[in-house]
1. Most fluctuating residue of 60, 21, 148 in a GNM of the chain with Cα springs under 10 Å: which is it?
2. Hey, of (i) 47; (ii) 68; (iii) 57, which did the structure itself give for percent of Cα pairs over 21 Å apart when calculated?
3. Test of understanding: what is the full-extension gain from residue 121 to residue 34, defined as 0.36 nm times their sequence separation minus their Cα-Cα distance?
4. Give me the dipole magnitude in Debye, nearest 20, for the range 26-160 about the Cα centre, with unit charges on the beta carbon: positive for Lys and Arg, negative for Asp and Glu.
5. So what's the Cα pair-distance distribution over the range 61-149, bin width 5 Å, in %?
6. Please compute the contact order of the chain in relative form: average sequence separation of alpha-carbon pairs under 8 Å and at least six residues apart, divided by the residue count, as a percent.
7. In degrees between 0 and 90, to the nearest 10, how far off the longest principal axis of the chain does helix 2-60 point, with axes built from Cα atoms?
Amino acid sequence: MPHITIEHVILLPLLFAQILVFPLAASIMASSWVDARRDAALQGVASHLASTIQQLYLSVNREEIVAGNITQVLTLSPTIESYPYTATGTLSAPLDSDSSRVLTLTLRLEKAGNTETATALLGSNARWGGGTFLSTSPDASIGVQKFVNGTLLFFLEGGY
């Protein structure tokens, strides 16, 4: 009879701990995995967007291309796991008149809070006109305005 009481004293707290600890640990691990998956998907979109802007720069920054406006419609997924995302950008100040500039794009997953960045290297004649767009906007695109002096003004379209 005394060994049954000892078993209950040892096993009941262990059983109680298993009932509380295992579901909590599983929930934390699943939440962490979902966040990592969202971060990876958002980073992929950010990298694609930065690459598209850099390719636009290289294409438009040629003497054969005359002054005017170009719009690149984005072929990105409008949502990541049913969450829309926003994109904004900032362009670094040049160190001198001939130095390259770095465009930093920040993408944020709405309501989920995940944020990722990507960069694009642009030339000294690049300018950033700003803009914010929502991925679910039907007119989400990248705009480039080329001026007669060779300056390229980039901006995001399709905002709120």
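Taken together, the values in this text are just the output of simple stated rules run on the coordinates, not laboratory data. What you see is a predicted model; the values in this text were computed from it and never measured. Because the Cβ atoms are built from the backbone with ideal geometry, glycine has one as well, and the counts that use them run over all protein chains shown.
1. 21
2. Among (i) 47; (ii) 68; (iii) 57, the one calculated here is (iii).
3. 28.2 nm
4. 100
5. Reading upward from the zero bin: 3, 12, 19, 22, 18, 13, 8, 4, 1.
6. In percent, rounded to a whole number, it is 23.
7. Roughly 10 degrees, rounded to the nearest 10.
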